[in-house]
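What follows is a single structure, written as structure tokens, with notes after it.
The values are calculated or read from the model by the stated rules, or taken from the named source; none is laboratory data. Model, not experiment: these values are computed from the prediction. Using ideal geometry, Cβ is built from the backbone for each residue, glycine included, and neighbour counts are taken over all protein chains shown. Heads up: the accessible areas ignore ligands, DNA and RNA and are worked out on the full protein's heavy atoms, side chains in. Shrake-Rupley method; radii C 1.70, N 1.55, O 1.52, S 1.80 Å.
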Amino acid sequence: MRPIELTMEAFGPYEKKTVVDFTALGDRSFFLIHGATGAGKTTILDAICYAFYGSASAAGRDSSMLRSRQAGLDSDTYVQFRFELGEKIYEIFRNPAYTRQSKRGTGTAQAKNGAELWQIMGEERKSLAAGTKNVTQKMTALLGFASDEFRQVVLLPQGEFRRLLMADSAERQGIMERLFKTERFRKIEEML
């Protein structure tokens, strides 16, 4: 998976619409997100993980905690993520449930959580899934990882790398088999 562009609004510390353009990295397949404490590094990982699975990048934070505390009632909270997987480009939009300004009259209303996934083909967008559960299931199938596996193998956020290193050999073997898709070699070994 190669990130292309991440857009967040009223998400974590990013009160205003914020766009992270990953194309500035060129063809690099490894990169480091760094900065001062509280700068929003983990929120970038949270946004990617939330876009894919509807959950944050680390245990203990659920989607209700992801709306910016500074966001006004008139601000929409969402993540939009464009990424490349193989030769195909996808875009995913996801928003948590949150309290917003009522669209009719005064007062507030509850915005429902939602998600949509498209495949981008030039200027066209082909809908692949809609609804939080459907998008999460489709992303799990596309990436080949469930949420926990993605966090452990792909993101390795703050301290999670240690968890990978400390996993027992059977768990590490399973992770490596999924990561490097070595099942076919295991089958050949078993046949021999």
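Quick look at the values:
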| read-out | value |
| --- | --- |
| Residue under evaluation Gly114, criteria (1) surrounded by fewer than 18 Cβ atoms within 10 Å (Cβ to Cβ); (2) closer than 27 Å to Leu32 by Cα; (3) at pLDDT 90 or above, criterion not met | (2) |
| Strands (runs of 3 or more DSSP E) contained in the stretch 41-143 and holding at least 1 residues more than 28 Å from Asp27 (Cα to Cα) and under 14 Å from the mean Cα position of the chain (by Cα) | 88-95, 114-121 |
| Scan of the stretch 178-192 for residues that are at pLDDT 70 or above and in a helix (DSSP H, G or I), ordered by number | Glu183, Arg184, Phe185, Arg186, Lys187, Ile188, Glu189, Glu190, Met191 |
| Some residue of the stretch 38-47 being under 22 Å from Lys133 (Cβ atoms), of a type outside the set (A, V, I, L, M) and surrounded by 13 or more Cβ atoms within 10 Å (Cβ to Cβ) | yes |
| Residue within the stretch 47-58 that is closer than 16 Å to Phe150 by Cα, at pLDDT 75 or above, touching a Gly at 6+ places or on another chain (Cβ under 9 Å) and among the β-branched types (Val, Ile, Thr) present | no |
| Residue ID - farthest from Gly86 (Cα to Cα), chosen from residues in the stretch 119-158 that are open to solvent by 60 Å² or more (accessible area, probe 1.4 Å) and at pLDDT below 80 | Gln158 |
